[in-house]
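The values are calculated or read from the model by the stated rules, or taken from the named source; none is laboratory data. A quick note: this is a predicted structure, and the numbers were derived from the prediction, not measured. Here the Cβ positions follow ideal geometry from the backbone for every residue, glycine too, while neighbour counts run over all protein chains shown. Accessible surface is based on the protein model in full, side chains and every heavy atom, while ligands, DNA and RNA are left aside. Shrake-Rupley method; radii C 1.70, N 1.55, O 1.52, S 1.80 Å.
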Amino acid sequence: MKPTWLFSLALVALPSVWAAGNALPGTVNYVEGQVTLNGKPVATVQNGSTALMPGQTLSVANGKAEILLTPGTFIRVGSASEVRMVSAELSDPQVEIIRGEAMLEVDFKPKMARLDVMERGADTQLLKEGLYRFDAEHG
């Protein structure tokens, strides 16, 4: 009886493990309002099918967007804001806040991983968990 239960549990857990394995740095988790990726509209219903590649820009006119940087790290972009993905490496993601505001939530950061945010020519390396606010208009 016990081996059957364990096998059933593995089958139930397998789809969530498979789905989590597809989330890469730059994956757009959530979109609300007017959001574009390199000038093309992004659907407001997101299932992780859109991702920013290095060099691509996500612009939010009136709304908000959430982007996965690493497991446990998200960037939330507000209205009248624009961010660019500099590097989409899992161990060293880099984003640039071009204009507007963005919040980074770091719930988990492995010791060896880097997380860099560029804003107005300054490069910030986030060293620990926390909530960070960036404002490109005021520095």
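Before moving on, here are some points about what is shown:
- Filtered by the rule that a residue be closer than 22 Å to Gly39 by Cα and either more than 15 Å from the chain's Cα centre (by Cα) or open to solvent by 60 Å² or more (accessible area, probe 1.4 Å) (or both), the range 82-102 gives Arg84, Ile98, Arg99, Gly100, Glu101.
- Flag if Gln56 is of a type outside the set (Lys, Arg), over 14 Å from Asn29 (Cβ atoms) and surrounded by 20 or more Cβ atoms within 10 Å (Cβ to Cβ): no
- All told, Ser79 falls short of being open to solvent by 50 Å² or more (accessible area, probe 1.4 Å), over 18 Å from Gly33 (Cβ atoms) and hydroxyl-bearing (Ser, Thr, Tyr).
- Residue in the range 87-98 that is closer than 18 Å to Arg133 by Cβ and not in a strand (DSSP E or B) present: no
- Scanning the range 65-113 for residues that are acidic (Asp, Glu) and free of Cβ contacts under 8 Å to residues at least 24 places away in the same chain yields a total of 1.
- Top-ranked residue in the range 111-139 [being more than 18 Å from Leu68 (Cα to Cα) and part of a loop (DSSP other than H, G, I, E, B); ranked as least open to solvent (accessible area, probe 1.4 Å)]: Ala136
- Residue within the range 76-99 that is at pLDDT below 95 and over 21 Å from Asn29 (Cα atoms) present: no
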